[in-house]
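**Student:** First, the structure itself, so that you have it in front of you.
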Amino acid sequence: MREKTEMIAELKELVKPYIQDQEAFDNLNEDTDFINDLKINSANLVDVILDIEEKFDLEIDNESMDKMLNVKAAMEVINTKISEK
Amino acid sequence: MKTRVVITGLGVVAPNGVGIDAFTKALREGKSGIRHIKEMKDLGFSCQIGGIPEITEDYKRKYFSELQLKGFNSSGILYGAIAAIDAWKDAQLPISENIDFQSGTIFGTGTSGVEKFREAIYKLDDKKVKRLGSTVVAQTMASGVSAYIGGMLGLGNQVSTNSSACTTGTEAILMGFDRIQAGKAKRMLVGSCSDHGVYLWGGFDAMRVLSYKSNQNPEKGSRPMSASAAGFVPGSGAGALVLESLESALERKATIYAEVLGGEVNSGGQRNGGTMTAPNSKAVQRCITNAVENCRIKAKDIDVINGHLTATSKDFTEIENWSEALQLKGAEFPYINSLKSMIGHCLAAAGSIECVASVVQLKEGFIFPNINCEDVKDEISSLISETKIPKKIIEKDLNIIAKASFGFGDVNGCVIFKKY
């Protein structure tokens, strides 16, 4: 399994283009919520997930996608999908 | 007394100049923006020349955020938003966090984001619908351009896109004019845009209406009113004007470029010689006559006509229609010019770019030259005096310019501008 801090750093890089709240981004941690904290436009959330799929070479199903609302949940889904490969 | 409507801001993205200063200089110099387009040649087009405005990546970033540019591939929206923001700033209007309920936009287009749509279709056919992401809809919906502009400027009045083929830009101006005159808005940012490129232009190439005789000599390709006119050259870009009630403009102490006296739009109904692609001359004449009457001017008050004049066999028909509608010919006929000689036919963007050119001429007092018209068509010069078709710039104080546009579907628009 990937190092948690390494994965957070990777996610941070991926969400960077979409964030609208710099302070929340600077303090990004496991509990950071994509929409409420980072103020990512809900329409852009699908783009974040596409970028995650590309970066980690995964396919994320609709149900898992619905869960990916914060950093922690996103990491869980990514780890599950990696382990299923 | 009816509300008077004036123009307080201009913006333009044209093949021969981006921004009002560069565009004005190009108009004065008779500078062509037509060049060889490699993609047209590679894909086996008969016409291999076109007009595409030059916008660098750095220039885009003055108007769009990195996020907006992620997955962005809609040249029409790019041109439209740049022209619109320039016009807004030129009018000294603020871009703030607050919504402005007194300002709206009618910004037209023919199609939107053709290349973006192509990308999407390839992914879809490859069964990758999910990979379209969030960016396809906003860039390919017809109203994409007005949606982008409305959001960038915080417009709270009507935000809409009109579409009437090559009449689109001229129609947008008259729609905004009507809304202000009806007292429903103080300011309307009006204009139009058109994508560039092979996916939009291909259909015209297939119809054999494009010029294919000047592929080795692009700048000579667009030849309105010339005996050697051989079809139109496709162009692209955007024009934008801030229309404002005179009262609001005076209150803000805004610079006033010109007054919009009014105009007319109509259709030939595809009857009496009118078809999907050809105009019903009676309707064209009626459109011009009604425009003149609506504006309470006389035909002889018109100093300059900025024609539609695309460089096809219809140029003569158009001049006949002007002559008949205004009841003027020979040396009595107003000066006439066609911007398409420099930038080609910018399709849905043509009307607005050409209206911007008309307003610049009024404001600065000059008539731009018709280039590629050293051999005026005999039929034309037997109807109107050749001295009325300037081939060199004429510096002259002007009072009234009439601008008309005609489009597929047998639609017509004529707007009249007056010096303020």
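**Student:** Exactly one condition in (1) under 17 Å from the mean Cα position of the chain (by Cα); (2) within 14 Å of another protein chain (Cβ to nearest Cβ) is false for residue B:13; which is it?
**Tutor:** Tallying (1) under 17 Å from the mean Cα position of the chain (by Cα); (2) within 14 Å of another protein chain (Cβ to nearest Cβ), residue B:13 fails exactly one: (2).
**Student:** Are any of the residues in the range A:72-85 out of contact with any helix residue (DSSP H, G or I) (no Cβ under 6 Å at 6 or more places or on another chain) and on the phi > 0 side of the Ramachandran plot?
**Tutor:** No: the range A:72-85 contains no residue that is out of contact with any helix residue (DSSP H, G or I) (no Cβ under 6 Å at 6 or more places or on another chain) and on the phi > 0 side of the Ramachandran plot.
**Student:** For chain A, which helices (runs of 4 or more DSSP H) that fit wholly inside it have 2 or more residues that are away from chain B (no Cβ under 14 Å), over 22 Å from residue B:133 (Cα atoms) and of a type outside the set (Ser, Thr, Tyr)?
**Tutor:** Filter on chain A gives A:4-15, A:22-26, A:71-84.
**Student:** I need the full set of residues from the range B:384-396 which are touching a residue at least 60 places away in the same chain (Cβ under 8 Å) and either surrounded by 17 or more Cβ atoms within 10 Å (Cβ to Cβ) or closer than 18 Å to residue B:344 by Cα (or both), in order please.
**Tutor:** B:384, B:389
**Student:** Here's a follow-up. Starting from the range B:70-87, take each residue that is within 14 Å of another protein chain (Cβ to nearest Cβ) and list its partners that are among the β-branched types (Val, Ile, Thr), counting only C-beta distances under 8 angstrom and pairs at least six apart or across chains.
**Tutor:** If the second residue must be among the β-branched types (Val, Ile, Thr), the pairs left are B:70/B:135; B:71/B:135; B:72/B:135.
**Student:** Further, regarding this structure: Exactly one condition in (1) surrounded by fewer than 19 Cβ atoms within 10 Å (Cβ to Cβ); (2) acidic (Asp, Glu); (3) within 30 Å of residue B:17 (Cα to Cα) is false for residue B:378; which is it?
**Tutor:** Tallying (1) surrounded by fewer than 19 Cβ atoms within 10 Å (Cβ to Cβ); (2) acidic (Asp, Glu); (3) within 30 Å of residue B:17 (Cα to Cα), residue B:378 fails exactly one: (3).
**Student:** Related question: For the range B:130-160, enumerate the residues that are within 14 Å of chain A (Cβ to nearest Cβ), at pLDDT 95 or above and surrounded by fewer than 16 Cβ atoms within 10 Å (Cβ to Cβ).
**Tutor:** B:137, B:141, B:151, listed by residue number.
The values are calculated or read from the model by the stated rules, or taken from the named source; none is laboratory data. Source: prediction; values computed, not measured. Neighbour counts are summed over all protein chains in view; Cβ atoms, including those assigned to glycine, are modelled from backbone coordinates with ideal geometry.
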